[in-house]
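Readers should treat all values here as calculations from the given coordinates under stated rules, not as data from a laboratory. Computed from a prediction, not measured in an experiment: that's the story for all the values here. FYI the Cβ positions are ideal-geometry reconstructions off the backbone, even for glycines, and counts take in every protein chain you see.
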Amino acid sequence: MASNMDREMILADFQACTGIENIDEAITLLEQNNWDLVAAINGVIPQENGILQSEYSGETLQGSAYGPSNHPSSSTSSTPSSSSAFRHVVPSRQIVERQPRMLDFRVEYRDRNVDVVLEDSSTVGEIKCFLENELQIPASKMLLKGWKTGDVDDSTVLKTLHLPKNNSLYVLTPDLPPPPSSSISGALQESLNQNFMLIVTHREVQREYNLNFSGSSTIQEVKRNVYDLTSIPVRHQLWEGWPASATDDSMTLAASGISYPCHRLTVGRRSSPAQTREQSEEQCTDVHMVSDSDGDDFEDATEFGVDDGEMFGMASSALRKSPMMPENAENEGDALLQFTAEFSSRYGDCHPVFFIGSLEAAFQEAFYGKARDRKLLAVYLHHDESVLTNVFCSQMLCAESIVSYLSQNFITWAWDMTKEANRARFLTMCTRHFGSVVAQTIRTQKTDQFPLFLIIMGKRSSNEVLNVIQGNTTVDELMMRLMAAMEIFSAQQQEDIKDEDEREARENVKREQDEAYRISLEADRAKREAQEREIAEQFRLEQIRKEQEEEREAIRLSLEQALPPEPKEESTESVSKLRIRSPSGEFFERRFLATSKLQVVFDFVASKGYPWEEFKLLGTFPRRDVTQLDPNKSLLELKLYPQETLFLEAKE
């Protein structure tokens with residue numbers, strides 16, 4: 001077994017010969033070959049003869065041949081120490097010409113895996129060119145992800161990335177349409193539609209929050225909501241309980257591997273950024289996740305110079321007999337009813353008409369009606385701990401001019417920010433409806449800057465906060481800012497009215513066209529159905545006719561077969577010869593025994609297609625209707641002997 005000193009030299013020689021700069025990878029390869037330098041080099045750079053040999057000494061390079069004691073000149077060599085121990089074995093020439101190192105890549109794209117083998121002298125762009133042929137995706141549309149290093153572009157040479165032999169990458173195509181929903185597994189699709197309950201424990205205050213999220217919500221959205229509840233910024237949150245697979249904040253809850261329907265998590269505040277970064281490096285494979293989001297994260301209130309007690313109204317400056325709003329109210333409408341009653345008892349009945357209902361319902365009332373009926377939304381945020389509250393409410397918010405203007409042009413909604421729970425609840429609603437920037441703006445307001453008056457205008461795709469008015473204002477300034485917001489809204493409203501009128505005109509034309517088309521379709525369908533009924537009736541009658549003809553033919557054949565044989569002319573018995581004329585002028589002649597019954601004649605006529613139920617048989621002299629005679633009498637008795645001419649006539 002090589003000593004530690006020998007191992008260091010073997011490691012240096014191995015790196016110099018193979019070009020592998022990653023020490024961990026080099027040590028792993030040497031340990032796999034029991035620190036046999038030649039075997040390790042041949043494993044990485046195979047030679048034609050299967051083993052690396054020294055042409056200088058004629059012997060295979062072994063063990064201590066690389067030691068500095070065999071080559072004193074190594075102490076004065078000008079070459080770097082990482083390669084000198086190997087090169088001094090043969091000072092006159094290079095031992096072996098370095099062969100290109102081959103790298104294996106397994107690239108995943110949606111439900112496909114593509115294996116790529118390239119030299120380390122190739123570029124990232126060459127991998128994309130290969131994938132372009134395999135996946136039929138333009139290289140310009142590919143984002144090749146999974147690199148261990150940071151900045152990688154198409155011109156980056158693989159050798160400079162110091163990659164291991166086997167690598168796993170994946171392709172993203174954000175500019176291409178997503179695959180059809182059928183490609184998504186049924187289990188994942190079902191999870192995306194499920195609701196997950198996250199039981200989040202705030203470690204510092206030992207408080208639990210039960211949060212419901214859909215499977216399509218991301219981990220980042222969960223952390224932002226927890227930020228609103230705990231006031232711990234996302235990048236300061238230290239989590240426990242996330243599955244090991246949940247390594248990306250953009251991952252959905254359905255794909256993160258959390259338990260369904262409930263999953264427990266614990267969150268706390270990082271003591272310092274440096275400490276958290278150190279913990280993150282130590283626990284990179286643990287289930288603990290330290291958020292490092294760069295999106296909408298903000299510093300907490302203390303970093304903006306706002307005291308926590310001041311932020312949440314813990315140091316009360318004026319105690320009230322009853323709060324404006326109950327803490328942890330389950331129903332927003334009930335909370336607003338109490339707010340309105342308490343506001344009236346404190347400041348009188350001359351005040352804005354506060355909308356009773358949820359903030360979302362206020363949006364519906366203000367923004368989603370007819371364009372002509374839309375209004376601005378004013379959100380009043382009350383705070384009992386602010387020294388400005390009484391003055392603002394009594395002298396400005398309850399001024400007749402302000403009340404009248406708000407009633408005509410605004411939907412006014414109110415909320416009490418005094419209690420921490422109500423404040424956190426509003427910040428959650430604010431983040432959902434206005435975005436994290438507005439929520440952060442409100443979060444960083446000092447207590448003495450309250451009350452706040454938010455002027456909000458609804459737009460086609462989002463809600464825009466036009467103005468945030470603080471409590472240290474005057475009636476004139478408040479009115480001017482309300483009127484300025486109204487001017488902006490009026491311009492937008494006129495455009496919306498014009499667009500709505502044009503849209504309604506187009507829809508009316510389309511409705512008229514659709515109605516005309518519907519009537520035409522119904523007429524065509526009725527005509528087609530009548531034709532189909534007529535064809536069906538004709539077919540039915542034809543079937544009946546065929547069945548009748550087949551029945552008549554069967555009867556005719558049976559009668560023909562049942563007829564007695566025709567007597568011969570030379571018969572010794574009395575024979576009657578009858579000549580029968582059909583309605584078409586055709587004559588039938590046949591001999592019958594004089595003793596034969598008249599029914600035999602009827603059967604003979606019927607066998608020719610003239611049943612006696614439909615035709616009558618008439619005699620000539622004298623003219624008589626033979627079909628009225630007794631069919632059981634003989635021809636002799638009926639005087640149809642020895643011969644007679646009869647003719648057929650259809651019955652009426």
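So, by mean Cβ neighbours within 10 angstrom, what's the order for 591-601, 358-368, 241-251, 642-652 with the highest one leading? Can you show the working numbers first?
Details: 591-601: 19.0, 358-368: 16.8, 241-251: 15.0, 642-652: 13.5.
Answer by packing, highest mean first, reads 591-601, 358-368, 241-251, 642-652.
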Point to revise | R0 of 41 Å, Cβ-Cβ distance GLU566-GLN538: FRET efficiency to nearest 0.05 | key: 0.45
**Study point:** Point-to-point label distance, ARG581-GLN364, nm (Cα→Cβ direction, 7 Å offset)
**Key:** 9.6 nm
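Mind putting a number on the dipole of the range 534-579 about its Cα centre? Charges go on the C-beta only, +1 for Lys and Arg and -1 for Asp and Glu, and I need it in Debye to the nearest 20.
Working: 8 positive and 13 negative charges, 35 e Å.
Computed about the Cα centre, the dipole is about 160 debye.
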Review point. So which lysines pass the test for LYS616, namely a Cα distance under 22 Å, with those fewer than 8 places away in the same chain ruled out?
Key: LYS577, LYS597, LYS608, LYS633, LYS639, LYS651
Study note, to complete from the structure: Label model pair GLU477, SER394: point-to-point distance (7 angstrom along the Cα→beta-carbon line) in nm is 2.0 nm
Check your understanding: Contour minus end-to-end for VAL437 and ALA516, with contour as 0.36 nm per residue of separation and end-to-end as the Cα-Cα distance?
Key -> 23.3 nm
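Given +1 on the Cβ of Lys and Arg, -1 on the Cβ of Asp and Glu, and no further charges, what dipole in debye does the range 518-652 carry about its Cα centre, rounded to the nearest 20? Numbers along the way, then the final one.
Numbers: 24 positive and 28 negative charges, 65 e Å.
Dipole size: approximately 320 debye.
Pull out a ≥ b ≥ c, the square roots of the eigenvalues of the alpha-carbon gyration tensor of the range 552-652, then state rounded if a/c is under 1.5, prolate if not and a/b is larger than b/c, and oblate in the remaining case.
On the way: a/c = 1.59, a/b = 1.18, b/c = 1.35.
In terms of gyration-tensor shape, oblate.
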Revision key, fill the gap. Taking r as the C-beta separation of GLU132 and SER462 and R0 as 41 Å, the FRET efficiency to the nearest 0.05 is 0.60
Study note, to complete from the structure: Ranked output for segments 442-453, 616-627 by mean other Cβ atoms within 10 Å, highest leading, reads 442-453, 616-627
Review point. If each of LEU629 and ASN328 carries a label point 7 Å out from its Cα toward its Cβ, how far apart are those two points in nm?
Key: 11.8 nm
Exercise for review: Kindly list the residues of the range 365-386 that lie in the label zone of ARG506, defined by a backbone N under 19 Å from the point 7 Å along the Cα-to-C-beta vector.
Suggested key: 370-372
Check your understanding: Counting only residues 5 or more places away or on other chains, whose amide H sits under 5 Å from the amide H of ARG624 once H atoms are built in the peptide plane?
Key -> GLY619
**Study point:** Packing-based order for 13-19, 131-137, using average beta carbon neighbours within 10 Å, highest first
**Key:** 13-19, 131-137
Check your understanding: How long is the gain from ASP524 to GLU204 if the chain were fully straight, where each residue apart is worth 0.36 nm and the alpha carbon distance is subtracted?
Key -> 107.7 nm
Point to revise | Residues listed by number, the range 556-585, amide nitrogen under 20 Å from THR620 label point at 7 Å toward C-beta | key: 575-585
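Are any of the pairs LYS223/LYS375; LYS375/LYS510; LYS148/LYS223; LYS141/LYS459; LYS128/LYS148; LYS141/LYS165 more than 22 Å apart by Cα-Cα distance, and if so, which?
Flagged as over cut-off: LYS223/LYS375; LYS375/LYS510; LYS148/LYS223; LYS141/LYS459; LYS141/LYS165.
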